[in-house]
Structure formats: structure tokens, C-alpha cells
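Have a look at the structure below, then the notes.
Computed from the coordinates by the stated procedures, all read-outs in this text should not be read as laboratory data. Just so it is clear, the structure is predicted and the values come from calculations on it, not from any experiment. For neighbour counting, all protein chains shown are included, and Cβ atoms are generated from backbone atoms with ideal geometry for every residue, glycine included.
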Amino acid sequence: MAVLVAIPMAFIPAFFFSWFLYWLDRYEKEPRWLLLMTFFWGGIVAIIGTLIIATVFEIGFSLVLNDAVLEDIAGGSITAPLVEEFMKGLAVMIVFFLFRKEFDSILDGIIYGGIAGLGFAATENVFYFLGQYSEAGWGGMFTNFALRVGVFAWGHPFYTAFTGLGFAIARTNRNILVKFVAPLIGYFLAVLAHSFHNTSLVFVSGLGSLALVILLEWAGWLIFLGFIIWLIRHEQGLLKKHLREEMNSGLISEAQFKTAVSFFQFGARMAALSGGSYKATSHFYQYLGELAHKKEQLEKFGDEKGNAAIIQKHRQSIAALAPQAKT
């Protein structure tokens, strides 16, 4: 019975938070199948890999330290951050290398990192909920739910977002040194943030110190959210820059241009829903977002074995959908 409660308690909030990250990607959304794969990499592959590697580390620490308290601190402050962020970060690395054409912006890296973190957190929470149930019953489970899903919900996605940020900087930069170093720095920051969380909780001795930890973590998350909003505004500028040319050429109308660069496209989508052209309208604005990013990449990096062809293909798709697209 406890398992049937713990799984939806962990996964339903994780899916909701994942949808929120998906929603934040306003102008050029990532493929849902790829995001789902990233989520379950975090929730299955990263968990299994962490259990195996962390066990090896724990055996090593027990042989060297021979002290239960020090072993717990080392496990939480060193092993868990290093191993968990490595395993979650592999999902971002796979997207970076195997699905490079989908990795278009800084925001994309943050989204993939965050989604991998949410998948990991969901499965980890199932284990924690069941552990608390075995120790303190339903009260223990629901208290743990309030802490892990309510108070510390954005921990794992926040940490792994740094790894995603590192790969995204590498993707959007021409400097070879930056391409090599940025993912390593991103991983280091992910480990550092994760280690800070785990270490600070070890030394929590009362409600005051717990409140301070919560305040610091929420401050970090809100600052990062502010950075994401700035990135969204930057992408908006990128769309204005590259789609104005398409408007001037007659590919899209002025009204479609204004809708494409708007943060909220709610009116257009509602009009499309009532008019029976929701799918065509959604695809139309998605293609416009992808077109703008590919034009930016062509301008910065050259053809990259296909940018020009993708741009031409998107223009053809946009031309076909334009008569149906609502504004």
C-alpha cells in the first residue's frame, strides 16, 4: 500500500515541475520525447549508476575512516554530489553529442539539466518516502513529502542545471578552450551546490539554522530563475532580429511576427483551438523559433553540416502553415 502511495506522491509533482520548465522554454521548445528520455535517464539510469558507484565509494571510506559519523559526512558531502551529478550530467552530455541539432541555446542546456534532475529526484523521493514510512508510518512519509517536495523541491534540478549550463556555453561558443572547460566548470558548480545543501543539513541543530539553510537555497533558486527570465528576454531579441527579415520578405505577416516574438501566445493558441487549427498554429510558431536559432547558428558557426538546409526546410514548412496560423 505504501508503495502505491509513494510513487504518485513523488512522480506527479516531478512531472508538474517538468511541465513548468517546458513552459519556460517559450520560443523554441525541445522535443517532448527527448525531454521524457532525459527525465527517465535521471530517474532510472542515473539512480542505478549512483547506487553502484556510491557503494564502491562507501566501502573505500569505511576502510580509510573507520568512523560512522565521518563516513556519513563524507558520503553526503563528497560521494553523493560527485556521483549523482556525474550520472545526471551524462543525460545532458548525451543530448549534447547525439542530438546536437536540438541543443540550440543556453536555456536548452538548463532545461535538459533540470529535467534530468527532476527525474532523479522523483525516484529518490520514492525511496525516502518508503524509508520514512517504515520508521514513522504515514506521518513520517507525509512530513518527508512536505520537506522534499515542498521545501527542497528544486534542489536536484538546480544542481544539474549548472552542468546543462556548462554544456550550453560550450555549444554556443567558438573558442576551443571554452568548449572544453565550460562543461567541467558547470559540473564543478553542480557538485559544489549539491555539497553545500548536504553539508549544511548535517550541521542543522534547530529551526533557526534550518530556516537559514532554506532561505539561502530559495535565494539561490530565485536568482537562477531571474537568470532564466533574462535568457528568455535574450531569445526574444534573437527572434526579433532574425524573423524581421522573414516578415520583410513576405514569408510571414506583421501580425504573425508580433505573435512569434510575444512572451505570451495564449490568444493565438485559443483562437487556433476554437478554429480547428491548433496543431498547425503550434507547429508554425515552433518552426519560427527553430528558424531564428538556426539562422543565428549559421551566422556564428557556419553551416555545421546542415544549418543552411534546415533553414530552407523550415522556411518551406512555415510557408505551408502560414495561411492556417492564427495570431
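In the chain, helices alone account for a calculated mean residue ellipticity at 222 nm of -27500 deg cm²/dmol, with every DSSP H run of four or more residues adding -39,500 (n - 2.57). Multiplying the residue separation of Leu215 and Lys300 by 0.36 nm and removing their Cα-Cα distance gives an extension gain of 26.6 nm. Under 18 Å from the 7 Å Cα→Cβ point of Phe263, by amide nitrogen: which residues of the range 229-252? Output list for this probe position: 229-241.
If R0 is taken as 30 Å, the Cβ-Cβ distance between Ala255 and Arg315 corresponds to a FRET efficiency of 0.95. Relative contact order of the range 234-321, taken over Cα pairs closer than 8 Å and 6 or more residues apart, is 32 percent.
Compute the helix-to-body angle for 207-249: its Cα long axis versus the longest principal axis of the chain, expressed 0 to 90° and rounded to tens. Compared with the principal axis, the helix lies near 20 degrees.
Here the chain yields Rg over Rh of 1.03, to two decimals, using C-alpha coordinates and the Kirkwood radius.
Of Ala182, Ala190, Ala68, the residue with the greatest mean-square motion in the GNM of the chain, using alpha carbon springs below 10 Å, is Ala68. Among the listed pairs Lys101/Lys279; Lys240/Lys313; Lys241/Lys305; Lys279/Lys300, those whose Cα-Cα separation exceeds 25 Å are Lys279/Lys300.
Placing a label point 7 Å from the Cα of Gln324 along the Cα-to-Cβ line, the residues of the range 274-308 whose backbone N sits under 19 Å from it are 274-291.
Relative to the longest principal axis of the Cα atoms of the chain, the long axis of helix 176-202 lies at roughly 40 degrees. In the elastic network of the chain, a GNM with C-alpha springs shorter than 10 Å, the most mobile of Val202, Val95, Val149 is Val202.
Return one number: the angle in degrees, 0 to 90 and rounded to the nearest 10, between the long axis of the Cα atoms of helix 155-171 and the longest principal axis of the Cα atoms of the chain. Computed tilt is about 50 degrees.
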